[in-house]
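**Q** For reference, the structure I am asking about is given below.
The values are calculated or read from the model by the stated rules, or taken from the named source; none is laboratory data. Just so it is clear, the structure is predicted and the values come from calculations on it, not from any experiment. Using ideal geometry, Cβ is built from the backbone for each residue, glycine included, and neighbour counts are taken over all protein chains shown. Side chains included, ligands, DNA and RNA excluded: accessible areas come from the protein's heavy atoms. Shrake-Rupley method; radii C 1.70, N 1.55, O 1.52, S 1.80 Å.
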Amino acid sequence: MKIKILKKGPYEITNDVPLHNDIIVADEAGISTKWQKGKQYDVSGSPTYHVCRCGRSSHKPFCDGTHVHRQFNDEEQPVQDAMRFYRGEKYDLEDHEQYCASLRFCDRAPRAWNAAIFSGRDDNDKIAVQECGDCLSGRLVLKDKNGNAVEPKLPKEIGLVQDIPAGCRGPLAVKGGIELEGATGTKYKVRNRMTLCRCGESSNMPFCDTSHRSCPHMRGSDENEPNE
């Protein structure tokens, strides 16, 4: 399974990668609490399909060729990993802030950072594992004391983030270690969790930088689009 970024074009996805909507469920305070799987797209009969990257397709989430007539930020940026490291009692935490997609699963008390630092207490251990695992951008990576990542076992699939609490479509949530190749042939590090921009406005291409939250063309939900 592979994702190829086409120059000034969409994401080309090959080898039957499952595609569905991933809906953020929030509490009354607007804090994300869990993921809910939404509509499943029928892509099984198409070994290759194309997902919109400019954010302006009239047939979201799929490309309809609109990018040919619209300018969007296509420039891929060098990966600069300014990782912050937090040492806890039972777990350690890596914070790769440049991957943040503002999914807000880390806003639950006592927040992933505090839970990890004060790990060793049962409640905090559970919170740290859950909040880091729900961070589909891969910003937060929990490690045990042997340096092994404490990661959820995710199937190889793509989720179209539906940020219902914020009233907008979000990035592509790529799960399970799917290969990503840039427009010029760059082979990105294979990661269990990552979020790719699909609003065409990120300054951290190809990754999401939360720009979708202020894009008029990303308002609404893919739940209301045709299931094809």
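**Q** Scaled to the compact-protein estimate 2.2 N^0.38 Å, what is the alpha-carbon radius of gyration of the range 1-154, rounded to two decimal places?
**A** The range 1-154 yields a ratio of 1.24.
**Q** In deg cm²/dmol and to the nearest 500, what is the mean residue ellipticity at 222 nm of the chain if only DSSP H runs of at least 4 residues count, each as -39500 (n - 2.57), divided by the residue total?
**A** -2500 deg cm²/dmol
**Q** Using alpha carbons only, how many angstrom separate the centre of the range 181-228 from the centre of the range 67-97?
**A** 13
**Q** Let me ask another. Would you kindly state how much longer the chain becomes between GLN98 and VAL190 on full extension, computed as 0.36 nm times their sequence separation minus their alpha carbon distance, in nm to one decimal?
**A** Full-extension gain reported as 31.5 nm.
**Q** Counting only protein heavy atoms and using a 1.4 Å probe, what share of the accessible area of the range 55-111 belongs to carbon plus sulfur, as a whole percent?
**A** Using a 1.4 Å probe with all protein chains present, the range 55-111 comes out at 45 percent carbon and sulfur.
**Q** Now for a different question. Taking only Cα atoms and a 10 Å spring cutoff, compute GNM fluctuations for the chain and point out the largest among HIS212, HIS59, HIS20.
**A** Fluctuation is largest for HIS59.
**Q** Just to verify a number: what accessible area does MET83 come out at with the full protein assembly present, 1.4 Å probe, Å² rounded to tens?
**A** 80
**Q** Taking the highest mean first, how do the peptides 64-73, 109-118 order by number of other beta carbon atoms within 10 angstrom per residue?
**A** Packing proxy ranking, top to bottom: 109-118, 64-73.
**Q** May I pose another question? For the range 86-228, place one equal point scatterer on every Cα, skip the solvent, and apply the Debye formula. What is log10 of I(q)/I(0) at q = 0.15, 0.19 Å⁻¹?
**A** One equal scatterer on each Cα of the range 86-228 leads to -0.79, -1.13.
**Q** Listed here are the pairs LYS4/LYS175; LYS34/LYS153; LYS39/LYS187; LYS34/LYS175; LYS4/LYS143; LYS34/LYS90; which of them are more than 19 Å apart at the Cα?
**A** The answer is LYS39/LYS187; LYS4/LYS143; LYS34/LYS90.
**Q** Can you find, among MET83, ILE23, PRO10, the residue sitting farthest towards the positive end of the charge dipole of the range 7-89, where Lys and Arg contribute +1 and Asp and Glu -1 at Cβ?
**A** Highest projection toward the positive end goes to PRO10.
**Q** Then there is this: Tell me the label-point distance for the pair SER46, ASN224, using the 7 Å Cα-to-Cβ offset, in nm and rounded to one decimal.
**A** 2.2
**Q** For the pair ILE31/ALA149, report the inter-label distance in nm, with labels modelled 7 Å from Cα in the Cβ direction.
**A** Here the answer is 2.6 nm between the modelled labels.
**Q** Would you mind putting 86-97, 134-145, 176-187 in packing order, based on average other-beta-carbon counts within 10 Å, highest first?
**A** 134-145, 86-97, 176-187
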